[in-house]
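Q: There's a structure below that I have some questions on.
Derivation of every value follows stated rules applied to the coordinates shown; laboratory data play no part. Quick caveat, the model's predicted, so the values are computed rather than measured. All Cβ positions, even for glycine, are placed from backbone atoms using ideal geometry, and neighbour counts span all protein chains on display.
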Amino acid sequence: MTIGIFDSGVGGLSVWREIDRLMPAWDVLYVADQAHVPYGPRPLAQVRRFSEGVARFLIDQGSAVVVVACNTASAAALQHLRHTFPHTPFVGMEPAVKPAVENTHTGRVGVIATQATFQGELFAALLERFAAGVTVLTQVCPGLVEAVEAGALDTPETERLLRSCLSPLIEGGIDQLVLGCTHYPFLQPLIARIVGPGVEIIDPAPAVARQTGRVLEQMGLRPIQGTGCRTFYTTGSTPAFAAMVERLVGGSGSVKNLAWDNANCELGIAKNAP
Ligand code: DGL
């Protein structure tokens, strides 16, 4: 019995880190679908297919719960995954509009996320439910996910990208900034420097970790004492991903390679790992 987590790449490690902190005794499997990163600019139907393939792999490997540590995949596929795998609970991500709306004093909140996240029904539903009377300014940041994947967390180019995507929000008078993509928390120091102390930055990862804990508790599941085994899989380069795990979350664990069987959109453990 393990906790399965996935993302298009390294972004979901910002959720992994919180789950690891909260539930260190659980075995955790993490899949980074780096063969297809970024998910954000892709059609929702394609992201849904990839997400189903990854979820099936995690369930086959014994995941008691699957955490979709990717706002884009949650927007594109969460409903579909719950329908396709009715015996497995899924914990998804959504931009934290609710706390931002509760905390704002200016009545203006900003959300940064991928194009696909803003297109999904989930985001429209969130605005309808929680954002009455508040102005929500949204912004897509092309290139930012790729920058995090490349480890460019504080380079002049990443700063330029971020300034251009954040300036309309800052000029729009926001006092809350929702990180609607799991890659962005790794840029938080740089983001904080750009938006300044008057803007509160909201990362939903701790809340998602707590929700995962509640789901396991409701299922009456407990970790096997003292295991806490961490396994990471990538559909991209294993050494490059291992280096990013080490750098971003200081994670120790085994890193393995997965390969897509494109015809069936199924994942398998790769024989000749790059
Ligand atoms: N980390 C992702 C998210 O939360 C995916 C970004 C991408 O692959 O474009 O949206």
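Q: Determine ³J(HN,Hα), in whole Hz, for all residues of the stretch 49-54 in sequence, where each value follows from phi through the Karplus function 6.51 cos²θ - 1.76 cosθ + 1.60 and θ = phi - 60°; x replaces Gly and Pro.
A: 5, 4, 4, 5, x, 5
Q: Hey, another quick one. For Glu200, which sequence-distant residues (separation of 5 or more, or a different chain) have an amide H within less than 5 Å of its own amide H, given hydrogens modelled in the peptide plane?
A: Gln176, Leu177
Q: How big is the antiparallel share of DSSP beta bridges in the chain, given as a percent to the nearest 5? Write out the running numbers ahead of the final one.
A: Working: 4 of 39 bridges.
That works out to approximately 10 percent antiparallel.
Q: Can you work out the FRET efficiency for the pair Glu171 and Arg210, with r the C-beta to C-beta distance and R0 = 22 Å, to the nearest 0.05? Write out the running numbers ahead of the final one.
A: Working: r = 34 Å, r/R0 = 1.56.
Approximately 0.05, to the nearest 0.05.
Q: On to the next question. For a label point 7 Å from the Cα of Ala240 along Cα→C-beta, name the residues of the stretch 39-73 whose backbone N is under 17 Å from it.
A: Only 39-40 fall inside the zone, counting backbone N under 17 Å.
Q: In addition: Using a Förster distance of 25 angstrom, determine the FRET efficiency expected from the C-beta separation of Ser254 and Leu22, and round it to 0.05.
A: Working: r = 22 Å, r/R0 = 0.87.
E(calc), rounded to 0.05, equals 0.70.
Q: Once amide H atoms are placed 1.01 Å from N in the peptide plane, what residues at a sequence separation of 5 or more from Glu266, or on another chain, have their amide H within under 5 Å of its amide H?
A: For Glu266, the qualifying residues are Asp261.
Q: Going 7 Å from the Cα of Ile269 along its beta-carbon direction, which residues of the stretch 49-82 have the amide nitrogen within less than 16 Å of the resulting point?
A: Those under the cut-off are 57-63.
Q: Between Leu153 and Gln79, what FRET efficiency follows from the Cβ-Cβ distance if R0 is 35 Å, with the result rounded to 0.05? Let's see the in-between values first.
A: Numbers: r = 33 Å, r/R0 = 0.94.
Here the calculated transfer efficiency is 0.60.
Q: Divide by every residue of the chain the summed helix terms, -39500 (n - 2.57) for each DSSP H run of at least 4, and state the resulting mean residue ellipticity at 222 nm, rounded to the nearest 500 deg cm²/dmol. Could you put the intermediate results ahead of the total?
A: Values: 11 runs with 119 residues, N = 274.
Calculated at 222 nm, the ellipticity per residue is -13000 deg cm²/dmol.
Q: So who's got an amide H within less than 5 Å of the one on Lys256, skipping anything under 5 residues away but keeping other chains? H placed 1.01 Å off N, in plane.
A: Phe232, Tyr233, Thr234
Q: Quick check on packing: order 192-198, 20-26, 107-113, 46-52 by the mean number of other C-beta atoms within 10 Å, highest mean leading. Please report the intermediate quantities before stating the final value.
A: On the way: 192-198: 12.4, 20-26: 15.9, 107-113: 23.6, 46-52: 20.9.
Ranked from most to least packed, the peptides come out as 107-113, 46-52, 20-26, 192-198.
Q: Would you please classify the overall shape of the chain from the alpha carbon gyration tensor, given that a ≥ b ≥ c denote the square roots of the eigenvalues, rounded means a/c under 1.5, and beyond that prolate means a/b larger than b/c while oblate covers the rest?
A: Details: a/c = 1.62, a/b = 1.43, b/c = 1.13.
In terms of gyration-tensor shape, prolate.
Q: What angle do you read, to the nearest 10 degrees and between 0 and 90, between the alpha-carbon axis of helix 121-130 and the longest principal axis of the chain?
A: 50
Q: What list of ³J(HN,Hα) couplings, whole Hz, do you get for the stretch 25-38 from phi and the Karplus terms 6.51, -1.76, 1.60, once you set θ to phi - 60° and write x for glycine and proline?
A: Per residue, the Karplus-derived 3J(HN,Hα) values read 7, 7, 6, 10, 10, 10, 10, 10, 8, 6, 5, 10, 6, x Hz.
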